[in-house]
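Below is one structure, written out as C-alpha cells; the observations come after it.
The values are calculated or read from the model by the stated rules, or taken from the named source; none is laboratory data. This structure is a prediction, so every number in the text was calculated from the model and none was measured. Here the Cβ is made from the backbone with ideal geometry for all residues, glycine too, and neighbour counts use every protein chain on show.
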Amino acid sequence: MKIELAYGKTGITLQIPEGVEATIIRKPVLPVPDDAAAVIENALDSPISAPRLEEAAAQAKSACILICDITRPVPNQLFLRPLIERLHGAGVPLSGITVLVATGLHRPNLGDELAELVGDPWVLEKVTVANHYAQNDEDHVIFGQTSKRRTPVGIDRRFVEADVKIATGLVEPHFMAGYSGGRKVIAPGVAHHTTIRTFHSARFMEDQAATSCNLEGNPLHEEQLEIMGMIGGCIYGLNTVIDEGRNLIFANFGEIIESHLEAVRFVRKSIEVKVPRKFKTVVTSAAGYPLDKTYYQTIKGMVTPLDILDEGGTIVIVSECGEGIGSQEFRAAQQRLIELGPEKFLETLTAKTLADIDEWQTEMQLKPMRVGTVMLVSPGLAEADRAVTGVSCRDDLGAALTEVLSRTDDSRIAVIPEGPYVVPFHAGA
C-alpha cells in the first residue's frame, strides 16, 4: 500500500512494508463548494453578531485588514478584493485602507513572497500592503497589562487606530492556543514583542491547558479574549477553513469572538479524530508547503500526535525544510538545548518573565522528547542544520520506517498524511 504525505509542494510517497498494519488518520472528506467566491460573498452578506461591513464603513476614513504571514496557506486571493471593494464602495478611500501582514515575531514577507501571500496584483496596486514589526516600539499602542496574568499589551497602531478593523485567517488546530485564527491574528499576530514573549514564556507554555484543540481554561485564549476587550469597539473576523487539498470549504464573517467560535465548532468535526489505541510508531508530516519551509515550523507536527504516541515510541516526521533551520534566534536556542540537555534547558526558561525570541519552539520540542524519540526525514537539510535539530535525521522515508520497526515488536503504525492539521486523540483518554 502507498500513502501520499504532505511534503513541500510535491508530496512524498510512503510504501507500507509487507506485514505492517497501517492506520491512516485524516480528516473525513467534506463537500467542496462549487463557487468559493460565492461562499465569501455569502459570509460578508450575513455577518455574525455585528452590523454589515458597509454599515460600519459608511462614516469611516480608514480600515486595516490583517492577514496571516507566509507560513499559513490562507486563501487571501479569495477575500481581500471583495473586502476592499465593499469598504471602498461604502466610502473608505483606497488610500485609507491598509493590508497588514500579521508576522508576530516572524520575518517580514517581501517582494515575490509578498505577492504570493496576497495572491492578487490588484490588491498590491490599489492599497497599502505592509508588514508588522513587533520590535518597533513606536509602531504600537500600549494598553497596560491584562487583569489576571499581567501580560503587557501593545498592538500595532495601524490596526488600533483604524476606523474599521478586520482580522482574517485560517481556523485550524494550534498546539498552544487551541485553534488559530480570530483573536490570535491580532495577539500575537500584530502585538508588541513583550506581549508575544510573555505569551511564549514557560508560564504559559507549560500549562497543560495550552494545547491543541482546547479553549477551555487555555491561558493564551483567555488572555487573547481580554485583549480584544482592551482594544474595544467592533472588531470583525473573516474566518476560513480549507480541506486537505487546500480547497475552501467554509467561511464566515462577523464579530471576531463569536464568528471565530462558530468556525471552531464547524472545524472540530473534522479536525479532532478519535483513535482507539496508541502506537509505538507514528509517521506524520509538517503539513507540506508553506508550513514545512523551516525546521522551526516542523516542530508543530511532532507535538500534535502525542496523545496517540505510546511511551517510548517514535515519531517519524517528513519535512522539506527548504529554508533550513529557521531564525538565528531559534538556532541559538537549539544549540543551548543540545549543550544543556532538556532538563537544564527548561530550567533556564522557567526563570524568565519574557521568553527569548523563538526559543519557545525549542521548548515545544521538549514535549515529544519526554514521551519518546523523533526521527526527521528531510533529505535536503544541510548537515550544519541537522546538527542543531536535537533529533536523528534520515534521507529516505522508507528506510527510516524500516529502521524504526526493526527496533520494536509492534508492526502496527499510525500515518497522519496532513500532519498538524489533523489532531488524533486516544479514544480512551
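Name the residues in segment 19-44 that are surrounded by 13 or more Cβ atoms within 10 Å (Cβ to Cβ) and charged (D, E, K, R), would you?
Selection gives Arg26, Lys27, Glu41.
Scan segment 185-194 and give yes if some residue there is among the hydroxyl-bearing types (Ser, Thr, Tyr) and modelled with pLDDT of 95 or more, otherwise no.
Within segment 185-194, one or more residues are among the hydroxyl-bearing types (Ser, Thr, Tyr) and modelled with pLDDT of 95 or more.
Go through the residues of segment 219-234 one by one and say whether even a single one is assigned to a strand (DSSP E or B), out of contact with any helix residue (DSSP H, G or I) (no Cβ under 6 Å at 6 or more places or on another chain), modelled with pLDDT of 95 or more and under 23 Å from His140 (Cα atoms).
No - not one qualifying residue is present in segment 219-234.
Which ones in segment 372-413 are charged (D, E, K, R) and either touching a residue at least 40 places away in the same chain (Cβ under 8 Å) or within 18 Å of Leu309 (Cα to Cα) (or both)?
Listed by number, the residues that qualify are Asp385, Glu403, Arg407, Asp409, Asp410, Arg412.
Just checking, which of Ile196, Ile155, Ile256 is closer than 25 Å to Leu78 by Cβ, aliphatic (A, V, I, L, M) and in the same structural domain as Leu100 (by TED's automatic domain parsing)?
Result: Ile256 is the single residue among Ile196, Ile155, Ile256 that is closer than 25 Å to Leu78 by Cβ, aliphatic (A, V, I, L, M) and in the same structural domain as Leu100 (by TED's automatic domain parsing).
From the list Val20, Val74, pick out the single residue that is of a type outside the set (Asp, Glu) and assigned by TED's automatic domain parsing to the domain that holds Gly326.
Val20
For segment 265-295, what are the residues that are buried (at least 19 other Cβ atoms within 10 Å of the Cβ) and either under 27 Å from Leu225 (Cα atoms) or acidic (Asp, Glu) (or both)?
Val267, Ser270, Ile271, Leu291, Asp292, listed by residue number.
Phe175 fails exactly one of the following numbered conditions: (1) surrounded by 15 or more Cβ atoms within 10 Å (Cβ to Cβ); (2) at pLDDT 95 or above. What is the number of that condition?
Result: Phe175 fails condition (2) only.
Looking at Glu125, Glu116, Glu138, which is the one that is surrounded by fewer than 17 Cβ atoms within 10 Å (Cβ to Cβ), closer than 24 Å to Thr195 by Cβ and of a type in the set (Asp, Glu)?
On inspection, the qualifying residue turns out to be Glu138.
Report yes if some residue within segment 306-322 is farther than 30 Å from Val275 by Cβ and not in a helix (DSSP H, G or I); otherwise report no.
So far as segment 306-322 goes, yes, one or more of its residues are farther than 30 Å from Val275 by Cβ and not in a helix (DSSP H, G or I).
crowded, with 21+ Cβ neighbours inside 10 Å and either of a type outside the set (Phe, Trp, Tyr) or at pLDDT 95 or above (or both): does that describe Asn239?
When the stated conditions are applied, Asn239 passes them.
Which residues, counting only those in segment 274-300, are touching a strand residue (DSSP E or B) at 6+ places or on another chain (Cβ under 9 Å) and part of a loop (DSSP other than H, G, I, E, B)?
Answer for segment 274-300, where residues must be touching a strand residue (DSSP E or B) at 6+ places or on another chain (Cβ under 9 Å) and part of a loop (DSSP other than H, G, I, E, B): Pro276, Arg277, Lys278, Ala286, Gly288.
Among the residues of segment 218-261, which ones are among the charged types (D, E, K, R) and under 15 Å from Leu44 (Cα atoms)?
Passing the criteria: Glu255, Glu258.
In the set Ala287, Ala382, Ala351, which member is of a type outside the set (Val, Ile, Thr), under 19 Å from Arg72 (Cα atoms) and not assigned by TED's automatic domain parsing to the domain that holds Phe204?
Ala287
From the residues in segment 45-64 that are in contact with an Asp or Glu (Cβ under 9 Å, 6 or more places away or on another chain) and closer than 27 Å to Ile271 by Cβ, which one is surrounded by the most Cβ atoms within 10 Å (Cβ to Cβ)?
Among those residues, the one meeting the criterion is Pro47.
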